[in-house]
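Worksheet: one structure, shown below.
Every read-out reported here was derived from the displayed coordinates using simple, explicitly stated rules and does not represent laboratory data. These numbers come from a predicted model, not from an experiment. Backbone-built Cβ (ideal geometry, glycine too); neighbour counts: all protein chains shown.
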Amino acid sequence: MKQLLAIGEALIDFAPEETGKELKDVSAFKPKVGGAPANVCGAYVKLGGEAAMITQLGDDPFGDKIVEEFQNCGIRCDYVRRTNKANTSLAFVALKEDGNREFSFYRKPGADMLMEAKDVDAAWFQDAYALHFCSVSLGEFPMKEAHRKAIDCARRAGCMISFDPNIRLPLWENPEALRNVIWEFAPMAHVLKISDEELEFITGKADIKEALPRLFAGNTRLVIYTKGADGAECYTERTSAYADGQKVKAVDTTGAGDGFIGAFLFCMAKDGVEVDQLASLSREQLEKYLAFANKFCAKSITKYGAIASYPTLTEM
């Protein structure tokens, strides 16, 4: 299997040591390594693949913690830069009774935001299977251009490009700016993952089937639509597939969507699915990938944290 690359934020999630409270009422937090692209790498590695993270961390103890955890779980750090121009990004999280979250970010700027296009090397992508990215690092700061260069390098190398908008509205002063940047970058991706909570914000449509004509723009060949406990669907321009969700008691949904796409990409890489084969994937193949990713998510949300909660292939 070829390796997965992901670009974007790696940060410290300060997880609450008590649930059912608003962020302002939480009395204690525990630091955990997170960041959506990093979580996707973590899922891919936990299942037995190889993955490397493209990011920038502060030259500080939290940056040290992230590197140490990456190394311990097997995420390659070859493309992780360090800087003394900003601190490692932090996110404080509150968990509601239903397992959903409230966020507060400390990232003005964070070290990841300052990574530049010149820091990205085309040679990194020559033997990669896919490049995954999200929207958190697509604001008007240098990391946006680093994404643009990475995507161009990945496309030239024949890599699959995967995009999960992973909307975090508190990071954006203007929701319209977020919507615009999603539409700027979504057509660059071959695989687009979107959740039921994001669909209407991004497309203006509450029904996935009504949204599909717009989602199949540019290079997009596969749309994955996740609905939490209600399962997941995916669509190509030729077929569609659905798999039931697994009913479990959620204790922490942090990183669940990241785990889903990491597991889905792992399945495709394991089967050797290339970019030019996406449009011809069969319903049976897609159902198998969806069912596996749903099961991966269900197992992860019964434990606290993101990467730490992901099951191994043996546990699956």
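Of note:
- For the chain, size of Cβ-based charge dipole, Lys and Arg +1, Asp and Glu -1, in debye: 300 debye
- A Cβ-based charge dipole, computed about the Cα centre of the range 268-316 with Lys and Arg at +1 and Asp and Glu at -1, lands at about 300 debye.
- Structure-based [θ]222 nm, the chain - -39500 (n - 2.57) summed over DSSP H runs of at least 4, per residue, nearest 500: -9500 deg cm²/dmol
- Taking 0.36 nm per residue of separation and subtracting the current Cα-Cα distance, fully stretching the chain between residue 84 and residue 274 would add 64.5 nm.
- For residue 118, the lysines whose Cα falls under 23 Å of its own Cα, not counting residues fewer than eight places away in the same chain, are 85, 108, 144, 149.
- Where both bridge residues fall in the range 79-219, DSSP classifies roughly 45% of the beta bridges as antiparallel.
- Most to least packed among 108-119, 73-84 [average Cβ atoms within 10 Å]: 108-119, 73-84
- Mean Cβ count within 10 Å, highest first, over the residues of peptides 149-160, 182-193, 265-276, 41-52: 41-52, 182-193, 149-160, 265-276
- Most tightly packed first, judged by the mean number of other beta-carbon atoms within 10 Å of their residues, the peptides 245-254, 226-235 read 226-235, 245-254.
- In this label model, residue 145 and residue 96 are separated by 4.0 nm, measuring between points 7 Å along each Cα→Cβ vector.
- Bridge orientation summary for the range 154-240: considering DSSP beta bridges with both residues in this region, about 40 percent are antiparallel.
- Three-way shape call for the range 174-316 based on the alpha-carbon gyration tensor, with the a/c threshold at 1.5: oblate
- In summary, the lysines within cross-link reach of residue 295, defined as a Cα separation below 24 angstrom excluding same-chain residues under 8 places away, comprise 2, 32, 46, 96, 193, 227, 247, 249, 270, 303.
- Shape call, the range 93-196: gyration tensor on alpha carbons, a/c limit 1.5: prolate
- Of the residues 120, 40, 136, the one whose Cα sits farthest toward the positive end of the charge dipole of the range 1-153, with +1 on the Cβ of Lys and Arg and -1 on the Cβ of Asp and Glu, is 120.
- Additional length obtainable on full extension of the chain from residue 105 to residue 60, 0.36 nm per residue less Cα span: 14.5 nm
- Debye, to nearest 20: dipole size of the range 174-222, +1 on Lys, Arg Cβ, -1 on Asp, Glu Cβ: 260 debye
- Applying 1/(1 + (r/R0)^6) with R0 = 45 Å to the Cβ-Cβ distance of residue 25 and residue 209 gives a FRET efficiency near 0.65.
- Relative contact order, percent, the range 1-113 [alpha-carbon distance under 8 Å, six or more residues apart]: 33 percent
- Anisotropy class of the chain from Cα gyration tensor, a/c 1.5 cut: rounded
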